[in-house]
């Protein structure tokens, strides 16, 4: 029998650079990203706020909607307040005129029209979370009054916020017990910076229901590289969050427990039950889903089709910011291709026709585990994420040995050719096509880049590979226009010679004409 060696005691490593992954709830700076080694990872990309702020997300998606209206119809109509308030008024007027025509044609009675608002708007802070500051408006004027009041309130809170920050800065300059007590008192009164901009979206007033409750999906998406082609994984499970009270459109729209699905908001309701109002996504999105409308019509759709549509939504959303993310990454980390990753939370809702709508993208989804389902899903999610990143001691040692060997040869012979950035990236970049053979049982599915010939068809029947290639090209063109890098037209190489000959011919004709006008005898004789 082989003698077992006693386990070695744990040792505290005080080296500040000896770590594998930096996981934080705050953003990264370019300086920090540039200081990372080739075996270290950070859990955020620079510039992800472009789709994680509601206002920026709306701007980018609307820009692509103009170019591809058939492909970017998966998010509610969005306006910025107060910049686009006139567009909200125009949209409301158009819907009101259409409602009047329906009443005149006898398709709807006055009583039915009073029960069914012409249009509903949901107003959200541009970077709010946990359902704070959200309200639903049935009339434009009432919405404007409430938003203006909110702005006035936020302006007062902003002034108080600035005073508190100044008080902290002043008190921190002194280091005696009295000022420390003052700092502690100020820190207790410290508040979050108030929002200074709202977005207004068309409210989906006919949602799909689960046991009579409105619900949405929390979809987890992992990005391991923003260098073209972007590498995107979709997690095979997630959460279903239900409103704590049953959905009834005739009830007041001021009741958040009926119309909002945010978990942090609904858990304060007396009717909330964590076992009933937070479910596993795979338990709900399976088989065939059935939804009924108010007029008695029934809609059916297979869960596989809904998953496929969600995959399209995720890829198309990330496509709009890929050039910006790549540019910001390259300017801070020019050599290493896969230093960062980002685990995002997409909030998706189904309407009564079972069409998925993307509501928002969360940069830092909560990993708080309040329930058993929370713990199971989020624990496995983080575990699978670390597996995808290939953070292992063996791989780290192997890569270190290769790099040190190359350095040793360079020092010994002095004429070893230095690898280009492209060659280095191809050497150290992980081949995601081999993920299934390396990590069997991993719940992440790579949805982009699409394998040649395996992309399948999009919702409108076109080939996904062709659509994604077109979107990627358009995204680069839009980005170059934004930063003033518009590509020049290709110049014909013979064009310069043609211009030169034309100019010489013109000069010759001008010279002959001038001699004729002067009456040169030799020129006249010739």
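Just so it is clear, none of the values below were taken in a lab; they were calculated from the coordinates. What you are looking at is a predicted structure, and each value in this text was computed from that prediction instead of being measured. Neighbour counts are summed over all protein chains in view; Cβ atoms, including those assigned to glycine, are modelled from backbone coordinates with ideal geometry.
Quick rundown of the values:
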| item | result |
| --- | --- |
| Gap separating the Cα centres of the stretch 326-355 and the stretch 240-259, nearest whole Å | 31 Å |
| Rg/Rh (Cα only; Kirkwood hydrodynamic radius) as it applies to the stretch 234-357 | 1.07 |
| Sorted largest first, extent of the stretch 89-133 alpha carbons per principal axis (Å) | 44, 22, 10 |
| Residue 246 paired with residue 305, simple spin-label distance in nm, labels 7 Å along Cα-to-beta-carbon | 2.8 nm |
| Two-site label geometry, residue 397 and residue 480: point separation in nm, points 7 Å out along Cα→Cβ | 4.8 nm |
| Inter-centroid distance (Cα atoms) of the stretch 56-126 relative to the stretch 364-386, Å | 37 Å |
| Gain on full stretching of the segment that runs from residue 370 to residue 293 - 0.36 nm per residue minus C-alpha separation | 24.3 nm |
| Per-peptide average of other Cβ atoms within 10 Å, ordering 302-313, 338-349 highest first | 338-349, 302-313 |
| Pair residue 408, residue 102: separation of 7 Å Cα→Cβ label points (nm) | 7.8 nm |
